[in-house]
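Take a look at the structure set out below.
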Amino acid sequence: MDDLAALKLQIEWGADEALEEAPLDRLRAAGNIHPPPLSANVAADQTGGGLSSLGAAPESAVARQTPAERALQSAATASTLVDLRAAIAAFDGCVLRDTASHLVFAEGDAAASLLIIGEPPGAAEDRSGAPFAGPAGAYLDRMLASIGLQRGSLLLSHLIPWRPPGDRPPSAGELTICLPFLLRLIAITGPRRLLLLGPLSARSLLPPTASRRRQRGAWIDSVGGVPALPTFSPAELMRSPKDRRAAWADLRLLRRTLDSD
């Protein structure tokens, strides 16, 4: 079958577009890169009443960055907290940004030796743009006051900078995209200790072999080798009074460690 007959047959079958030889992953970030040119397209050359196939050899697809790769690159450019906040605000690779009302960035003393990392922001944080707001934030203030600490002398951050819709847990993909910004925050501020509030914070920053329930009450090396103490989040303790005795033991350990440091 010659080229013209093959083209007519495809038209009769309803083909109305040319397809690429290799599948295109449309879930990868498109950025500003134009799609690669179609390969092996049949070009009609009516010279002399015939049809010749002038299809060019396929070109290599241009490498494209995933949202997580873009986040890693964006975070790496920040050398100060001001730079980091601006980088997060400008980042458009996470769908949580589109549904959140405000970016929730770290607050407190950037030179503090203790960084407190909580679960994803909730409704109160989303409305105010401040970390640990609302009833859970007030409960955290009481927890800290019980061992002589105040939030103004510490650095506080949430695991991710945007509230998931309806307070659902963030997906694995959303965590992968957002974590480079938190890790850059740790690198810029250089805390000596981390206090991880809630199971998601512990799972995200501790080695996979570390179980919060099994190893709670002890310091564990987190990402980057910074010692971290996993404990209960304020929201957990508000819902479950039975866990408050264990949380109090964790807080006393935190106080003793800070004093020894």
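The values are calculated or read from the model by the stated rules, or taken from the named source; none is laboratory data. Worth saying up front: this structure is predicted, and the values here are computed from it rather than measured. FYI the Cβ positions are ideal-geometry reconstructions off the backbone, even for glycines, and counts take in every protein chain you see.
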Options SER171, SER222; residue that is among the hydroxyl-bearing types (Ser, Thr, Tyr) and more than 24 Å from THR257 (Cα to Cα): SER171
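Among the residues of the range 124-141, is there at least one that is of a type in the set (Asp, Glu) and within 24 Å of the chain's Cα centre (by Cα)?
Pass one, the range 124-141, residues of a type in the set (Asp, Glu): 125-126, 141.
Now restrict to residues that are within 24 Å of the chain's Cα centre (by Cα): 125-126.
Yes - at least one qualifying residue is present in the range 124-141.
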Counted residues, the range 64-117 - those being closer than 17 Å to PRO170 by Cβ, of a type in the set (A, V, I, L, M) and part of a loop (DSSP other than H, G, I, E, B): 4
Output for the range 239-261, where each listed residue is among the hydrophobic types (A, V, I, L, M, F, W, C) and exposed (fewer than 14 other Cβ atoms within 10 Å of the Cβ): ALA249
Among residues of the range 130-152, those that are more than 18 Å from ARG252 (Cα to Cα) and among the hydroxyl-bearing types (Ser, Thr, Tyr), counted: 0
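Mind telling me which of the residues ARG163, ARG127, ARG184 ends up being part of a loop (DSSP other than H, G, I, E, B), assigned by TED's automatic domain parsing to the domain that holds VAL82, more than 23 Å from ASP250 (Cα to Cα) and among the basic types (Lys, Arg)?
Values: ARG127 fails: part of a loop (DSSP other than H, G, I, E, B); ARG184 fails: part of a loop (DSSP other than H, G, I, E, B).
Answer to the check: ARG163.
So in the range 226-238, with the set limited to residues that are part of a helix (DSSP H, G or I) and buried (at least 19 other Cβ atoms within 10 Å of the Cβ), which one is farthest from the chain's Cα centre (by Cα)?
Pass one, the range 226-238, residues part of a helix (DSSP H, G or I): 234-238.
With the extra rule that they be buried (at least 19 other Cβ atoms within 10 Å of the Cβ), the set shrinks to 234-235, 237.
Working: PRO234: 22, ALA235: 22, LEU237: 26 Å.
The selected residue is LEU237.
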Residues of the range 221-245 classified as closer than 17 Å to LEU183 by Cβ, modelled with pLDDT of 95 or more and among the aliphatic types (A, V, I, L, M), total: 2
Tally of residues being under 22 Å from LEU195 (Cβ atoms) and without any contact (Cβ under 8 Å) to a residue 40 or more places away in the chain across the range 60-119: 1
